[in-house]
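To keep things clear, I will list the structure first and then write my remarks on it.
The values are calculated or read from the model by the stated rules, or taken from the named source; none is laboratory data. Everything quoted here is computed from the prediction, not taken from an experiment. Heads up, the Cβs are rebuilt from the backbone with ideal geometry, glycines too, and the neighbour counts pull from every protein chain shown. Please note that ligands, DNA and RNA were not included when accessible areas were found on the heavy atoms of the full protein model with its side chains. Shrake-Rupley method; radii C 1.70, N 1.55, O 1.52, S 1.80 Å.
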Amino acid sequence: MGIRIVKSFLIIIVLSGVFSFEVGAQEQQEGVPLVRIFRQLQKDYNLEFNYALDNIEGVKIAPPKNNLSLTEVIEYLRVQTGLVFEMLSEKIALVKSPDEFVLCGFIKDKDDLTPLSAATVQSPSSSVVTDDSGFFRITLNSREEEVLIRHLGYRTIERSAQFFNWQTCDDVFMVPFFDELQEVVIANYIVPGVDKLNSGDFSINIPKFSILPGLIDADVLQSVQSFPGIMSVNETVSNINIRGGTNDQNLILWDGIKMYQSGHFFGLISMYNPQITDKVILTKNGTDVGLTDGVSGSISMLTSPEINSKLKLSAGLNLVDFNAFADIPLGQSSSFQLAARKSISEWIETPTYNRFFDRIAQDTELAANQLSVINSDEAFDFYDTSLRWLYRISEKDELRVNFILVANELKFDESAQIDQLIDSRTSSVEQNSIAGGVAYRRRWNENWISDLEIFETDYKLQAINVNVLDDQRFLQENKVSETSTKISTVHVVNPEMSFKGGYHFVETEVTNLDDVDTPLFRLLVSEVVRTHAGFLQMDWRSNNGQSRFKIGGRYSYIDKFRKSLVEPRFSFNQQFMDYFTLEVMGEMKHQITSQVINFQNDFLGIEKRRWQLSNDADIPVLQSKQLSVGLSFDNDGWLIDAVGYYKDVDGITSQSQGFQNQYEFSRAKGSYLVKGLDLLIRKQFQGISSWISYGFMNSDYTFKELQPNAFRSNYDISHALTAGISFKIRNLQLAAGLNWHSGRPTTRPLPGEEITDNTINYGPTNEDELDDYLRLDLSAMYNFNLGLKTKAKVGISVWNILNRENSINNFYRIENEALSETIQRSLGITPNAMIRVLF
């Protein structure tokens, strides 16, 4: 039996060898299709061939020998086929017939150098569309033919083919219509993907963004805190302070939609999914006249403006959530993006989740209830969904539709023994946002563009606080509903000058509800304010691109108050002596919404701030004036950027500033004045980025109704320093960073006279400080391939690796006739890990 099997096996081997020999001999005699040879050479030499199928169809030759060099292989192919082979790079070869004129290249965005897919390249004789890498290859009848390159949202390129480089496939840059005068003046401002523009704004390109210390995902609102002058006094993304301002003074936009909520986990992580976010624009001063609100600054998140031609999928998991993203092409003129995240806490409670939970529960009813009440079954959940649909109606018309849904819910049971029976009820707090927008753009011709933007945004904060001992339920709600319609037109006079003008209508409704069931009490207050605004702006850039001047104004009319506001804005940028840039910026802005704290235990004390509308009386319209002057030096990897600023904000209320001293229950209106300096020093070399950013600030309040009426601001962090280093070794990225700032201002009771008449006797307001803040963070990311079309990346990060207990706030209370101090601490050591697969 065994001998038969062996004989059969030997016969099969012999026949296979004979068959292979005959096939090989036949291929040597008749030749192998050139397409097959190209595929094999691509594997052997990592070489890509670009060709037209018509040129190689039916061409068969004997395969080249295996021991030839790449140069010898190319020469062999040229002799055997009679075709022309041009090496465009070490890895790309262009194949064409000797008698044809072939033009090729890569179409890219002029500002961020991203490839532009689906761009149309036309000549009188042929037409092609660029692929995902922006590559095109077009056959022309002659070098004198006119070539037309078009892409929606970009200025059309029309020139004779002879002006292109025929020897290589060079990059061809297209200028965006909307940002056609906006250019990068400082690339890789901190790390790759972060740039400074000639408008004075900062741009974060998420797909190109390198990792930052302590972060493994490009958390948008954590990332902006790496810039000098921007920080969070309590480590949250829901309390970002731009040049001494409060978080409610920041304008946060998602694809042009104003958002009234910024974080998950009640502020510990950003609620904006980085997978669907393509770019972030940060503005500290010199705001575009098309924007309103945000007297301290603006953070604008944008999705990709590109219509994708290939399906892209990704899924990721970290120690907090599971997330997924899909970019789905719907034909050649439409694409749909969908991103979603869901916390994993209902399946597993990770160390990261526990750290976050303890942080938000700190010094709230969730952490410590009354002595006879037991808390149990604590549960937290969050999710978000965001989508963007692009539809290119025609070469001149484009439609964009956006939608975002965000939800956070925390609940726990409160139990107590009453009349020898256990009574249990559930307390909860929910924070949700839902918003949608429609944007339509019409390009009338090369010089006129019109935009129509409509959005509706709704925010809701709701808490149910039960008192088991008194059999009481306290319901609180804070709702914001805002509708906006804006129409604008840009007229491009010439490549150096453009004008922008338009009209903006905003209706904002804020509703607050306090409802108690025992005894019955219900207070519902709903207010509406409507604002009409017109704006006009001129944007000029010199022919050599070294000068830019933008000036304009915005007129607003608030009909409820019959109040008119005129707000001039400007920015000037001048490059000189090759390496230096001077910038001067100024603006006036206003806003009619702010966040206040009525009581520290509102909404269970977890998110105690509520939005309110101005009434132009005891709650004034916020108005700001700001001026800044900066100088930067950028050469040979070195960057030194220094900006001095002066900011005056009038119309604040004491309730909006988070006082927890003698002014905790005061209702006063006032202002604050900030004078400061933002400084960044960065050095880049051989894939390594290192930086030190420093911020100096002097911020003082003025409240005429308080005594004393002038004192340090609660957000006056006099000195703040961030130092970091990141580098890339092939597929591995590493980052480490140190974050230090002086202590937050605080008010101490008078020593020896702390309590008088059962009242805390405070000393001079904000004359003392908490201990200095210090944090060291680490991050690592590794990218690798799982297959031909599948990629993956894994990452780990450690926040506060030294596990330092930083003090971020304190307050005093009287307990049993004695003074008690409560100190709120920052996050301790918090690890995180992630894996993401991209298809």
I need the phi-derived Karplus couplings for the stretch 506-521: 6.51 cos²θ - 1.76 cosθ + 1.60, θ = phi - 60°, integer Hz, Gly and Pro marked x. 9, 10, 10, 10, 10, 10, 10, 10, 10, 9, 10, 8, 9, x, 5, 8
Rounded to the nearest 10 Å², what accessible area does W444 have for a 1.4 Å probe in the complete protein model? 130 Å²
Would you work out the relative contact order for the stretch 588-646, in percent, from Cα pairs under 8 angstrom that are 6 or more residues apart? 30 percent
Along the stretch 714-719, Karplus-curve 3J(HN,Hα) (6.51, -1.76, 1.60; θ = phi - 60°) to the nearest Hz, with x for Gly and Pro, reads 5, 10, 7, 8, 4, 9
Would you tell me the accessible area of D757, worked out with a 1.4 angstrom probe on the heavy atoms of the protein chains, in Å² to the nearest 10? 140 Å²
For the chain, with all protein chains present and a 1.4 Å probe, just round the carbon and sulfur fraction of the accessible area to a whole percent. 56 percent
If the cut-off is 22 Å between C-alpha atoms, which lysines fall inside it for K65, apart from same-chain ones fewer than 8 positions away? K43, K91
If each of R804 and N635 carries a label point 7 Å out from its Cα toward its Cβ, how far apart are those two points in nm? 3.6 nm
Multiplying the sequence separation of V516 and L311 by 0.36 nm and subtracting their Cα-Cα distance, what value in nm do you get? 68.5 nm
Cα shape, the stretch 572-646, gyration tensor, a/c 1.5 rule: oblate
Pull up the cross-link candidates among the aspartates and glutamates for K108, meaning alpha carbon to alpha carbon under 15 Å and not fewer than 8 places away within one chain. D131, D132, D170, D171, D179, E180, E183, E306
Near the amide H of F101, under 5 Å away, which other amide H atoms are found, from residues 5 or more places off or on another chain, if H is placed in the peptide plane? L140
Determine the per residue accessible area of the stretch 211-287 with all protein chains present and a 1.4 angstrom probe, expressed in square angstrom. 13 Å²
Probe 1.4 Å, protein heavy atoms only - accessible area per residue of the stretch 712-804 in square angstrom: 53 Å²
As I understand it, the dipole of the chain uses +1 on the Cβ of Lys and Arg and -1 on the Cβ of Asp and Glu, about the Cα centre. Which of F505, T483, L582 lies farthest toward its positive end? L582
Could you name the aspartates and glutamates in cross-link range of K793, using Cα to Cα under 12 Å and dropping any fewer than eight places away on the same chain? D217
Phi angles of the stretch 353-365, converted by Karplus (6.51 cos²θ - 1.76 cosθ + 1.60, θ = phi - 60°) into ³J(HN,Hα) in whole Hz with x for Gly and Pro, give 4, 4, 5, 4, 5, 4, 5, 6, 7, 4, 6, 10, 4
Pairs of alpha-carbon atoms within less than 8 angstrom and 6+ residues apart define the contacts here; what relative contact order does the stretch 670-820 have, in percent? 17 percent
In square angstrom, rounded to the nearest 10, how much accessible surface does M497 have for a 1.4 Å probe? 50 Å²
Residues with amide H under 5 Å from that of T114, placed H, sequence gap 5 or more: D109
Computed for the stretch 664-745: size of charge dipole around the Cα centre, +1 on C-beta of each Lys and Arg, -1 on C-beta of each Asp and Glu, debye to nearest 20, value 300 debye
In the structure shown, do any of K96/K791; K560/K669; K96/K789; K279/K312; K208/K683; K460/K704 have a Cα-Cα gap over 26 Å, and if so which? K96/K791; K96/K789; K460/K704
If you put +1 on each Lys and Arg Cβ and -1 on each Asp and Glu Cβ, how big is the dipole of the stretch 199-330 around its Cα centre, in Debye rounded to 20? 180 debye
Distance between the stretch 195-253 and the stretch 570-605 - C-alpha centres, whole angstrom: 12 Å
If packing is taken as the average count of other Cβ atoms within 10 Å, what order do 435-441, 413-419 fall into, highest mean first? 435-441, 413-419
Residues meeting the amide H criterion for Q472 (H placed from the backbone, H to H distance under 5 Å, 5 or more places apart or on another chain) are N467
Are there trypsin sites (Lys or Arg not before Pro) in the stretch 340-430 that DSSP puts in a loop and that have at most 15 other Cβ atoms within 10 Å, and which ones? K396
Per residue, accessible area of the stretch 480-542 with a 1.4 Å probe, heavy atoms of protein chains only, in Å², comes to 46 Å²
Sort the stretch 233-339 into rounded, prolate or oblate with this rule: let a ≥ b ≥ c be the square roots of the eigenvalues of the Cα gyration tensor; rounded if a/c is under 1.5, and if a/c is not under 1.5, prolate when a/b is larger than b/c, oblate otherwise. oblate
Can you tell me the relative contact order of the stretch 608-693? Whole percent, Cα pairs under 8 Å, sequence separation 6 or more. 27 percent
Going by a ≥ b ≥ c, the root eigenvalues of the Cα gyration tensor, does the stretch 194-266 fall in the rounded group (a/c under 1.5), the prolate group (a/b larger than b/c) or the oblate group? rounded
Give, rounded to the nearest 20 debye, the magnitude of the charge dipole that the stretch 343-447 has about its Cα centre when Lys and Arg contribute +1 at Cβ and Asp and Glu contribute -1 at Cβ. 1100 debye
If the label point sits 7 Å along Cα→Cβ of N758, residues of the stretch 655-685 with amide N under 19 Å come out as 662, 665
For E817 and E664, extending 7 Å from Cα along the Cα-Cβ vector and measuring point to point gives, in nm, a value of 2.1 nm
